[in-house]
Structures are given as structure tokens and as C-alpha cells.
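The values are calculated or read from the model by the stated rules, or taken from the named source; none is laboratory data. A quick note: this is a predicted structure, and the numbers were derived from the prediction, not measured. All Cβ positions, even for glycine, are placed from backbone atoms using ideal geometry, and neighbour counts span all protein chains on display.
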Amino acid sequence: MFDDFNDFYNPDIKRANLSEMLDKIRVVEADLRDANAVNRAFAEIKPDTVVHLAARVGVRPSIEAPELYINCNVNGTFHVLDAAKNHGVERFIFASSSSVYGVNEKVPFAESELISRTISPYAATKLAGEQLCSNYSYLYGIKMVCLRFFTVYGPRQRPDLAISKFTRLIDEGKPIDRYGDGLTSRDYTYVDDIIQGIMGAIRYDEKEFEIFNLGGTETVTLNELIEAVEAAIGKKAKINAMPMQPGDVPRTNADITKAREMLGYEPATALHNGVAKYVEWYRKMQEATGV
């Protein structure tokens, strides 16, 4: 595992999430923007497969700091790809995002759609990453799979994401910010289902380069999400109505036909079940930490 443990959110949370796995994995603490550090890690570990999940995340922060996102997500991905080429990596899995589809009027979103316009620097960096993967697959024969994740959630998720924030604030009796009228919709995907898709991508051995959507079992509105968190917590939310945020897309909806047929991907966790599992984990962490 390669991570710089940056301060996008508290690094202590990241280290705590890894604590139970440290006897099973090797952790290299370094920055993807440092090409020498990336090459050293590849030379020492000699991987045959790379799963590239590292990125600066979040649509709204990318609007505030676009240069940082380009440096981390585009230049960093280039460094990982170049190291993979230099050290004989056979298979490369790249975590892309549903945000690449932008304001897409045709739903569900299919991988065959021509993407002509993204609406945030974060989305642009993910689309650029896909193109770099395509280049390296074509030029150097590395098997590449790009996975467009649709709003991943579950235990250990980032504290800035909606389900995390809503759970904490509703539980504490504090108001939550609801952007827009609550009718924006997302295809939420539980983390176990994403892992199933990643494992399918690692096994995939047909084409040299391919792109797949990994979405959930349903598309739900923001209002429905809030209701699911309320049900799991057992408390009603206090709503603070806010205007829509720049860069937010009105909806995401994954066509997962291709992933089903070619990866054996079959998401199994409906939102209300996934949110309940997240809240159960949240309760355990509260008991363990006293926070």
C-alpha cells in the first residue's frame, strides 16, 4: 500500500482504519507526486498487479484547488503508470469516477457514452487518468481496466461524505445541510460490492483496455438518503436548506450491464441495508473510542 496520509481529513483516522491490517500488508508512506519515491516502491515490492485507488478526492474541494488536483491525480497517475511500465507490471486497475459523465441527460449512464464535457476539475482529472491508462495499455501492452465508481459508502468511509456527516449530526441532534431541494439523485454503492467489482477486474483477461461502471442496486434522491439515515439512527433530521453547489451533478445512474456480463459483477446491498451497516459500525467506533 502506498499513501501519503495527507491532511484532507485527519490522518489519525486513516491510520486507525489500517491498524487491524498492518500485519497483513506493507505500507509505503510517500507522495505519488514524487516520481523517485514511486519508482523505489515498485523496485522493492515488484508487483505484477497494481490497483490504483490513490487520488485527491471531492468535487467541491477541486474547484477551490484545481492545481493541487491536477498535480496529484494527473501527474501522480502518470508516475504510477510509468513505474508500472518500467518494472514490468502486467495488470493495472484504475479507480475512475461517475463524475466523468457530467450533466448527462441520458440515463442510465453507459460506458459507450461520448463524454464531451466534465463540470469539475476532479472529474477532468479522472477522465485524464483514463486516457493515460489507454495510452500505456496501447503503447506498452499493460492490461488496463478503468472502473467508474458510483458514490461508494460504508464502514471507514471519509468523514466528509454525506452519509458520514448526516449520521454524526443527526445522532448529535445538530442540523444537516441539504443542498438544493433534495431531489438530486445518486447511485450509492456499498463498499463490499465495489470490492467484488475490483476482484472481477483483476481476474478480467479479455481485452487489453476496458472501462466498466460499478454502481449500486438503485438510484435514490437526497431526501430518500436522509430518510434512510434517520431510520437507521432512530432520530429525525433538522434540515438546513442550502443552495445547490457548483460542480454537483443533478443525478448519477449506472448502467452495469457490461460489468455484470464481463466481470460477474452483481451488487447485493440495497441502500437501507448499507446505511444500517454503516450506522452499526459508527456505533461500535463510538463505544471503542468514547467519542
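Within segment 137-150, being over 18 Å from residue 206 (Cβ atoms) and assigned to a helix (DSSP H, G or I) holds for 139, 140. Filtering segment 246-289 to residues that are loosely packed, with under 14 Cβ neighbours inside 10 Å and either touching a Pro at 6+ places or on another chain (Cβ under 7 Å) or within 20 Å of residue 177 (Cα to Cα) (or both) leaves 246, 250.
Tell me whether segment 78-89 contains one or more residues that are within 27 Å of residue 153 (Cβ to Cβ) and not polar (S, T, N, Q).
Residues of segment 78-89 within 27 Å of residue 153 (Cβ to Cβ): 80.
From what is left, the residues that are not polar (S, T, N, Q) are 80.
Checked segment 78-89: at least one residue is within 27 Å of residue 153 (Cβ to Cβ) and not polar (S, T, N, Q).
Listed conditions (1) assigned to a helix (DSSP H, G or I); (2) of a type in the set (A, V, I, L, M); (3) at pLDDT below 95 are all met by residue 244, apart from (1). Looking across segment 89-117, the residues that are surrounded by 21 or more Cβ atoms within 10 Å (Cβ to Cβ), under 16 Å from residue 252 (Cβ atoms) and not aliphatic (A, V, I, L, M) come down to 96, 97, 98, 99, 101, 109. If we scan segment 141-151, do we find a residue that is surrounded by fewer than 20 Cβ atoms within 10 Å (Cβ to Cβ) and aliphatic (A, V, I, L, M)? No, there is no match, as no residue in segment 141-151 is surrounded by fewer than 20 Cβ atoms within 10 Å (Cβ to Cβ) and aliphatic (A, V, I, L, M). Of the residues making up segment 220-235, those that are touching a residue at least 40 places away in the same chain (Cβ under 8 Å) and either more than 10 Å from residue 182 (Cβ to Cβ) or assigned to a strand (DSSP E or B) (or both) are 220, 228, 229, 230, 231, 232, 233, 235.
Identify, from the list 194, 211, the residue that is at pLDDT 95 or above and either in contact with an Asp or Glu (Cβ under 6 Å, 6 or more places away or on another chain) or in a strand (DSSP E or B) (or both). So that I can check it myself, show each step before the final result.
On the way: 194 fails: either in contact with an Asp or Glu (Cβ under 6 Å, 6 or more places away or on another chain) or in a strand (DSSP E or B) (or both).
The conditions single out 211.
Which of the numbered conditions does residue 268 fail, given that it passes all the others? Conditions: (1) aliphatic (A, V, I, L, M); (2) in a helix (DSSP H, G or I); (3) farther than 26 Å from residue 106 by Cβ; (4) under 21 Å from the mean Cα position of the chain (by Cα). Answer for residue 268: the failing condition is (2). Condition check for residue 233 on (1) more than 19 Å from residue 152 (Cβ to Cβ); (2) under 24 Å from the mean Cα position of the chain (by Cα): one failure, at (2).
For segment 5-64, what are the residues that are touching a Lys or Arg at 6+ places or on another chain (Cβ under 6 Å) and either without any contact (Cβ under 8 Å) to a residue 60 or more places away in the chain or part of a helix (DSSP H, G or I) (or both)? Once the filter is applied, which keeps residues that are touching a Lys or Arg at 6+ places or on another chain (Cβ under 6 Å) and either without any contact (Cβ under 8 Å) to a residue 60 or more places away in the chain or part of a helix (DSSP H, G or I) (or both), segment 5-64 yields 5, 17.
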